[in-house]
Every structure is written in structure tokens, then in C-alpha cells.
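> First the structure, which I've put down as C-alpha cells, then a few questions once you've had a look.
The values are calculated or read from the model by the stated rules, or taken from the named source; none is laboratory data. None of the values given here were measured: they were computed from a predicted structure. All Cβ positions, even for glycine, are placed from backbone atoms using ideal geometry, and neighbour counts span all protein chains on display.
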Amino acid sequence: MGDAKTPLRRVILGTGGTIAGRASRAGDNVGYVAGQVSAQDLMAAVPPLAGWPLEVEQVAQIDSKDMGFAVWQRLAERVAHHLAREDVAGVVITHGTDTLEETAFFLHTVLRPGKPVVLTCAMRPSTALVPDGPQNLLDAVTVAGDPRARGVLAVCAGGVHAAEHVTKVHSYRVDAFDSGDAGPLGCVEEGVVRWFHAPSAQSQAEVVDARRLEAVMQAGAMPRVAWMTSHADADGTQVRAMLAYGAIHPEAMPHGMVVAGTGNGTLHQALEAALLAAQAQGVQVRRGTRCARGRVVPGAAGALEDTHGLAPAKARIALALELMGL
Ligand code: ASP
């Protein structure tokens with residue numbers, strides 16, 4: 001369990017989600033309300049954690065489908081605060097599954113933490129006949145105290161995933177996350193982390209990247225980046241409508257657009273023409289793929305920059321942060 005030089009204290013930050021959800025009927029795994037149970041009560045429902053040096057803080061209490069920049073700012077600030085403490089080994093964040101990969105990627109890109117920040121979740125509400133939250137929470141706390149853990153990670157259904165790669169791939173199954181071609185970093189088995197790959201932290205010298213955190217804390221909002229998909233009969237109306245609306249309401253004018261292309265980032269010619277016109281107007285455009293696996297492989301000629309391997313949800317955040325100078 002470590003010695004005086006090994007800080008084992010972990011801080012659990014609650015944000016809501018299904019893990020904190022409640023249904024009126026025990027067998028109901030879909031008709032529940034997310035974000036009802038406090039993080040403190042979630043911890044109390046995991047008997048093996050009793051007596052561990054843990055602290056709990058409620059940062060938000062929402063369904064993560066409603067996640068946004070204000071909660072991300074609060075979360076980034078609290079994570080940075082706790083990681084700066086010498087007695088804290090790592091932070092665990094309880095989160096909804098729907099936007100877990102976005103929050104993970106945001107914290108990864110902004111904070112670049114040297115210590116572990118582990119997001120966890122559940123696909124079944126706390127009132128389910130067999131809730132998955134308690135085991136996920138126990139596993140996440142285990143990972144956050146593991147000496148090899150660093151950077152932003154996600155733990156669900158026994159898998160340990162890196163923030164850059166983790167994606168929700170199933171709408172119902174308990175094992176809902178995947179890391180695509182990269183694969184998971186490891187797994188948790190009976191309280192022991194088995195690493196397949198060493199997690200990499202972008203910065204190990206600092207606890208977090210203070211300059212980037214400061215820039216995010218000072219911002220009133222994130223630059224507006226829209227996300228759309230190419231498909232049969234896509235005609236670019238969506239793009240033109242956004243630009244036309246933005247011309248009347250400047251606060252709604254997109255600064256950037258991410259398009260999930262077909263296959264290797266190809267676009268319907270009509271949509272591509274509309275996006276090129278937007279780009280000519282000063283909107284930054286990035287081209288990804290709507291394929292669940294793989295990336296846009298560089299090589300095909302195109303006037304629109306690709307997402308450099310990022311899935312559209314993450315590319316949207318990367319572009320917004322880039323537009324903030326980060
Ligand atoms: N809508 C829920 C949320 O993201 C889904 C979940 O947590 O599984 O908060």
C-alpha cells in the first residue's frame with residue numbers, strides 16, 4: 001500500500017451521469033433520471049473503499065448530454081487544485097457516458113497532467129438490479145493510485161483507455177467503450193491493473209500545464225465550432241444556413257466547422273463546395289471520417305485540412321482550443 005513517500009490519497013469529483021442515476025423501478029435500465037445521487041453516496045455504496053484515504057467533492061450534478069464549457073472550466077480548476085497537492089496521487093471523476101470522451105479529451109488537452117486523472121461512469125443507473133457503477137468506481141480509484149498511471153484515462157467495464165482514443169461505441173451494453181485501432185491501455189483485474197501499454201503523459205515535469213489552464217479559465221466561452229456529416233444527397237444547405245444566420249446574429253457565427261466525411265474523409269461535392277466557401281470567408285474547417293474505426297490517411301489531395309487522426313467529437317474540441325491559441 002505504499003510508504004510515506006507515496007501519496008495514496010485520491011480525490012473523487014462528482015459530475016452526475018447514469019452512475020448517479022435513479023429509476024423508480026429496479027429493473028429499469030433506460031427510464032431513469034441521470035445525476036441524482038451524490039458522489040459521497042456513490043462512494044458509500046462501494047464497501048471495499050471504506051477506510052481508504054479518499055476525499056469527495058461534487059463539481060456538478062448533470063446528465064452528461066448537457067455537458068458544456070462552464071462545467072469543464074470548473075472541473076479543470078478543481079482537478080488542477082487537487083493534483084497540485086503533494087498528498088494526492090490522482091483524481092477520479094464520475095461522469096455520464098455520453099460525453100465522457102469529450103471531457104476526457106478536453107482535460108487531456110488543456111491540463112496535460114503528470115498525475116492520473118481517471119474518468120469513470122456506468123451504463124446502468126444506481127438503482128439497477130445489477131448496477132455497474134460500484135465496480136467501475138472501485139476500478140477507477142485503483143487506477144488513480146497505480147504508480148504507472150498518468151495523464152487522463154477512462155475506466156469502464158474493466159478496461160483502461162487513453163483520453164485520446166476512448167470512444168463510446170455502444171448505446172446500451174455495459175462494456176460501452178473502445179479505443180479503436182490503438183486498443184485499451186490495460187485492464188483492472190481484482191484490484192490489480194494489468195498494463196498492456198505504458199500510459200504517456202504529455203507533461204511530467206509539471207503537475208498540470210498552468211499556462212493553458214489560465215487561458216481556459218479566462219475565456220468567457222469556447223469558440224463556436226459546428227460539427228456535421230457528409231452523406232448521400234448532402235448539399236451544403238446546413239453550412240450556408242449557419243453562415244446566413246451568423247451574418248444576422250454575429251454571436252452565432254461559427255468560427256470553425258468539423259465535417260465527418262465518408263470513408264477516408266471524402267465529402268459530397270456539394271457539401272465540399274459549401275465548406276470551401278465557408279473557409280474562404282475565414283471559417284476554419286477540418287475534415288475527419290464518420291467511420292467508427294481508422295483515420296483520414298494523409299495523401300489524398302484536398303483543400304480542407306484533416307483532423308490528424310482525431311474522431312469528430314474530439315476534433316471539434318481540438319479546433320476550438322486551437323482557435324483560443326492553445
Ligand atoms: N445520459 C447519461 C449521461 O451521459 C448516459 C450515461 O451516463 O450512461 O449522463
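> Only one of V130, V207 is more than 19 Å from I12 (Cα to Cα) and over 18 Å from the mean Cα position of the chain (by Cα). Can you tell me which?
Values: V207 fails: more than 19 Å from I12 (Cα to Cα).
On inspection, the qualifying residue turns out to be V130.
> Another one. Within segment 83-96, identify whether any single residue is among the polar types (S, T, N, Q), surrounded by 15 or more Cβ atoms within 10 Å (Cβ to Cβ) and more than 16 Å from the ligand (Cβ to nearest atom), and answer yes or no. Lay out the reasoning, then the answer.
Of the residues in segment 83-96, the ones among the polar types (S, T, N, Q) are 94.
Imposing the further condition that a residue be surrounded by 15 or more Cβ atoms within 10 Å (Cβ to Cβ) reduces the set to 94.
From what is left, the residues that are more than 16 Å from the ligand (Cβ to nearest atom) are none.
Within segment 83-96, none of the residues are among the polar types (S, T, N, Q), surrounded by 15 or more Cβ atoms within 10 Å (Cβ to Cβ) and more than 16 Å from the ligand (Cβ to nearest atom).
> Only helices (runs of 4 or more DSSP H) wholly contained in segment 195-301 count here; list those with 1 or more residues that are under 30 Å from R74 (Cα atoms) and at pLDDT 95 or above. Break it down into steps so the answer makes sense when it comes.
Numbers: elements: 210-218, 237-248, 269-280.
Fully inside segment 195-301 and qualifying: 210-218, 237-248.
> Oh, and also: Kindly indicate whether any position in segment 32-45 is within 15 Å of the ligand (Cβ to nearest atom), exposed (fewer than 14 other Cβ atoms within 10 Å of the Cβ), assigned to a loop (DSSP other than H, G, I, E, B) and over 19 Å from the mean Cα position of the chain (by Cα).
No, every residue in segment 32-45 fails to be within 15 Å of the ligand (Cβ to nearest atom), exposed (fewer than 14 other Cβ atoms within 10 Å of the Cβ), assigned to a loop (DSSP other than H, G, I, E, B) and over 19 Å from the mean Cα position of the chain (by Cα).
> Looking at segment 1-20, can you tell me whether even one residue there is within 16 Å of the ligand (Cβ to nearest atom), more than 18 Å from T127 (Cβ to Cβ), in a loop (DSSP other than H, G, I, E, B) and hydrophobic (A, V, I, L, M, F, W, C)?
no
> Go through L243, L321, L271 for me and flag whichever is buried (at least 19 other Cβ atoms within 10 Å of the Cβ), more than 28 Å from the chain's Cα centre (by Cα) and in contact (Cβ under 8 Å) with a residue 40 or more places away in the chain. Give the steps one after another, and end with the answer.
Working: L243 fails: buried (at least 19 other Cβ atoms within 10 Å of the Cβ); L321 fails: more than 28 Å from the chain's Cα centre (by Cα).
Result of the check over L243, L321, L271: L271.
> Continuing with the same structure: Filter segment 153-180 down to the residues that are outside any strand (DSSP E or B) and touching a strand residue (DSSP E or B) at 6+ places or on another chain (Cβ under 6 Å), then identify the one that is surrounded by the most Cβ atoms within 10 Å (Cβ to Cβ). Quick ask: steps written out before the conclusion?
Filtering segment 153-180 for residues outside any strand (DSSP E or B) gives 157-158, 163-166, 169-176, 179-180.
Filter once more, keeping what is touching a strand residue (DSSP E or B) at 6+ places or on another chain (Cβ under 6 Å): 158, 163, 166, 169, 176, 179.
Values: G158: 16, A163: 23, V166: 30, V169: 14, A176: 21, S179: 19.
Filtering segment 153-180 for residues that are outside any strand (DSSP E or B) and touching a strand residue (DSSP E or B) at 6+ places or on another chain (Cβ under 6 Å), the one surrounded by the most Cβ atoms within 10 Å (Cβ to Cβ) comes out as V166.
> Still on this model: Would you please list the contacts, defined by Cβ atoms under 8 Å and residues six or more apart or on different chains, that run from a residue in segment 110-129 that is within 19 Å of I62 (Cβ to Cβ) and within 11 Å of the ligand (Cβ to nearest atom) to a residue that is assigned to a loop (DSSP other than H, G, I, E, B) and of a type in the set (K, R)?
Hits for this filter: M123/R173.
> Among residues belonging to segment 51-73 that are part of a helix (DSSP H, G or I) and of a type in the set (A, V, I, L, M), point out the one that is farthest from the ligand (Cβ to nearest atom). Let's see the steps before the verdict.
Step one: list which residues in segment 51-73 are part of a helix (DSSP H, G or I), which gives 64-66, 69-73.
Next cut, of a type in the set (A, V, I, L, M) only: 70-71.
Numbers: A70: 16, V71: 12 Å.
Of everything passing the filter in segment 51-73, A70 is farthest from the ligand (Cβ to nearest atom).
> May I pose another question? Which condition does A313 not pass, out of (1) among the small types (G, A, S); (2) modelled with pLDDT under 95; (3) surrounded by 12 or more Cβ atoms within 10 Å (Cβ to Cβ), if it passes all the others?
(2)
> Within the set of pairs 6+ apart or on separate chains, which have a first residue in segment 176-191 that is of a type outside the set (D, E), a second that is assigned to a strand (DSSP E or B) and modelled with pLDDT under 95, and C-beta atoms under 6 Å apart?
Filtered contacts from segment 176-191: no entries.
> Please give the number of the condition P48 fails out of (1) more than 10 Å from the ligand (Cβ to nearest atom); (2) closer than 25 Å to A176 by Cα; (3) in a helix (DSSP H, G or I); (4) under 15 Å from the mean Cα position of the chain (by Cα).
(4) is the only condition that P48 fails.
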